[in-house]
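The values are calculated or read from the model by the stated rules, or taken from the named source; none is laboratory data. What you see is a predicted model, and the numbers here were worked out from it, not measured in a lab. When we count neighbours, we look across all protein chains shown, and the Cβ atoms used for this are built from the backbone with ideal geometry, even at glycine.
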Amino acid sequence: MAMIINLLQVQATELEAILRNPGLLELRVNEDKEDNGEGKVDLDKAWDGLLYLLTGYGIMDIEKAEQLLSQALFSGQIVDEAQDLGLGPAHYLTPIQVRNVYNRLERITEQDLRGRFNPGQMSELRIYPRMWDDADEDAFDYLRNNFHVMKDFYKSAATRRNGMITFLN
């Protein structure tokens, strides 16, 4: 079973409505299955590898990670603990938090990412999707490309003053 992370942009008023009535999120997620890509992206199975490149930690040790960077994928602010969108509840960021996360992501260079890419340690830490034992340039490219998708999506959300909802499915 593959675990894929989704990022969903929401306007501030929509985020407030979703927090009051989490059922609206399920409706939005179902609507966005036919989205043109502007309001939702998925980063495939790259989420734990990205978390590692951003913070040096995977999901199993997220409490040790730099909070602002780990929030890009898992804010710790839960929409509804009882709601399961596939693999647990959704996380959210307010528009101000999105801008703060983007400002931090914007400063990360490809050289930073390459310097943090350590397949041996990633295997030892059991970073999902656990393909790091045989990792080569393609594995780094996979993470780098998904990082740029995430960064561009955060830039779009910050520019539009949108909030962000993230969830695994």
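Can you confirm whether segment 34-48 contains a residue that is outside any loop (DSSP other than H, G, I, E, B), of a type outside the set (F, W, Y) and modelled with pLDDT under 85? Checked segment 34-48: at least one residue is outside any loop (DSSP other than H, G, I, E, B), of a type outside the set (F, W, Y) and modelled with pLDDT under 85. When segment 63-76 is filtered for residues that are farther than 15 Å from K155 by Cα, of a type in the set (A, V, I, L, M) and either surrounded by fewer than 16 Cβ atoms within 10 Å (Cβ to Cβ) or within 13 Å of the chain's Cα centre (by Cα) (or both), only L68 remains.
Of the residues making up segment 50-105, those that are of a type in the set (D, E) and more than 21 Å from R126 (Cβ to Cβ) are D80, E81, D84.
For segment 136-169, a residue qualifies if it is under 13 Å from I108 (Cα atoms) and among the hydrophobic types (A, V, I, L, M, F, W, C), and the qualifying residues are F147, M150.
Filtering L125, L85, L113 for residues that are in contact with a strand residue (DSSP E or B) (Cβ under 7 Å, 6 or more places away or on another chain) and aliphatic (A, V, I, L, M) leaves a single hit, L85. Considering only residues in segment 102-152 that are of a type in the set (S, T, N, Q) and loosely packed, with under 15 Cβ neighbours inside 10 Å, the one that is nearest to Q67 (Cα to Cα) turns out to be N103. With respect to being part of a loop (DSSP other than H, G, I, E, B) and closer than 22 Å to A2 by Cα, I108 falls outside the description.
In segment 126-169, the qualifying residues are those that are in a helix (DSSP H, G or I) and free of Cβ contacts under 8 Å to residues at least 12 places away in the same chain, and the one that is nearest to L19 (Cα to Cα) is T159. Against the definition (under 21 Å from E14 (Cα atoms), assigned to a loop (DSSP other than H, G, I, E, B) and without any contact (Cβ under 8 Å) to a residue 24 or more places away in the chain), how does D80 come out, yes or no? So D80 does not fit the description; no.
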